[in-house]
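Step one of this worksheet: look at the structure below.
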Amino acid sequence: MSVREEFDEWAAAGRDQGMEERHWNTARYALSAMPVEAGDTVVDLGSGSGYAARALREAADADRAIGVDGAPAMVASARSSTDDPAVEFVVGDFHHLPLPTDAIDHAFSMEAFYYAADPEAALAELARILRPGGTFYCAVNYWTENHYSARWQDAIDVLMTRWSEAEYRQRFEEAGFSVAGQLRIPDTETEIPPASAFPTDDFDSREAMVERYREFGTLLTVGVVP
Ligand code: SAH
């Protein structure tokens, strides 16, 4: 299935809103760490419901926030979430971003990058649109060390790339980024039921759920264009 088919279906089912709720717990820490200044132009790669572009505009005072997503229904949903003319959502593919070279100050992506059919090419495309000194804040829950996400591919028809923490650093460097940092952002808000509620469909024990959310959380890799 193509990205467009898969995620148009998700949007039609309202799953963009559900992802916003789940991802906001950790995405907001990554967003607030971005060195965005007034006047900047920022991009959200795989923008879904559009929350990150709205936040970068409202809280970080970006001059222009552009969400790029390959699913037209996601873009339509994101557009309906704001009437701020400085927040735009465009249909586009990670491998051919509809943006000029050196035009973007900072880029963000949450739970989207690993759907790129060719993630190395997607990184090279990001390095193209970012100005020297520009940053890419890449947040994922699907990576090797987070073994709780190991079987996610079974439920999704788009091919996903599962890199380790070291592979994220290495691939960023091969694409021309310096890696400014990498960390796991814990999700301190998702409610964890008492031990008596386990096993659940997702977790064998309370300890496992604690590890998944409070310890693994979300992997953030920060690349800087030299
Ligand atoms: N960032 C949002 C949405 C995550 S879902 C959030 O945190 O909730 C992943 C999104 O990335 C989907 O909306 C999907 O359409 C988009 N996407 C995946 N692969 C893509 C590609 N190759 N090009 C453009 N968009 C893509």
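The values are calculated or read from the model by the stated rules, or taken from the named source; none is laboratory data. Please read these numbers as outputs of a predicted model, since none were measured by experiment. Please note: Cβ atoms are built from the backbone with ideal geometry, for glycine as well, and neighbour counts cover all protein chains shown. When the accessible area is computed, the model is the full protein with side chains, heavy atoms only, and any ligands, DNA or RNA have been set aside. Shrake-Rupley method; radii C 1.70, N 1.55, O 1.52, S 1.80 Å.
General observations
- Percent of alpha-carbon pairs separated by more than 28 Å within the chain: 26 percent
- Translational diffusion of region 155-196, µm² s⁻¹ [Kirkwood Rh, Cα pairs; Stokes-Einstein; 20 °C; 1.002 mPa s]: 155 µm²/s
- Sites LEU159 and GLN17 - FRET efficiency at Förster radius 30 Å, r taken between beta-carbons, to 0.05: 0.75
- Per residue, region 139-226 exposes an accessible area of 53 Å² to a 1.4 Å probe, with every protein chain left in place.
- With an a/c value of 1.5 or above and a/b larger than b/c for the gyration tensor axes a ≥ b ≥ c computed over the alpha-carbon atoms, region 1-99 is described as prolate.
- Annotation note: GluC sites (Glu not before Pro) in region 72-171 located in DSSP loop regions with a Cβ neighbour count of at most 16 within 10 Å are GLU145.
- Separation of alpha-carbon centers, region 173-189 and region 192-219, rounded to whole Å: 24 Å
- Contour minus Cα-Cα distance for GLU5 and HIS96 (0.36 nm per residue): 30.9 nm
- Rounded if a/c under 1.5, otherwise prolate or oblate - region 111-226, Cα gyration tensor axes: prolate
- Surface composition of the chain: carbon and sulfur make up 49 percent of the accessible area, probe 1.4 Å.
- In order through region 17-22: 3J(HN,Hα) via Karplus (6.51 cos²θ - 1.76 cosθ + 1.60), integer Hz, x for Gly, Pro: 5, x, 5, 4, 4, 6
- Potential lengthening between ASP118 and ALA86 on full extension [0.36 nm per residue; Cα-Cα distance subtracted]: 8.5 nm
- 3J(HN,Hα) from dihedral phi, region 41-53, Karplus parametrisation 6.51/-1.76/1.60, rounded to Hz, x for glycine, proline: 10, 10, 10, 10, 8, x, 7, x, 5, x, 5, 6, 5
- For region 41-91, the solvent-accessible area with a 1.4 angstrom probe is 35 square angstrom per residue.
- Under 5 Å between amide hydrogens, built in the peptide plane, is the criterion, and for ASP102 it picks out ILE129, LEU130 among residues at least 5 positions away or on other chains.
- Residues whose amide H lies under 5 Å from that of ASP44, counting only those 5 or more places away or on a different chain, are ILE66, GLY67, VAL68, PHE108; hydrogens are built 1.01 Å from N in the peptide plane.
- Placing unit charges on each Cβ (+1 for Lys and Arg, -1 for Asp and Glu) gives region 138-202 a dipole about its Cα centre, and among ALA155, ALA197, LEU183 the Cα reaching farthest toward its positive end belongs to LEU183.
- Most mobile of ASP61, ASP187, ASP83 in a GNM of the chain (Cα contacts under 10 Å): ASP83
- Across q = 0.28, 0.35 Å⁻¹, region 74-116 modelled as identical point scatterers on its alpha-carbon atoms has Debye log10 I(q)/I(0) values of -1.29, -1.21, in the order of the q list.
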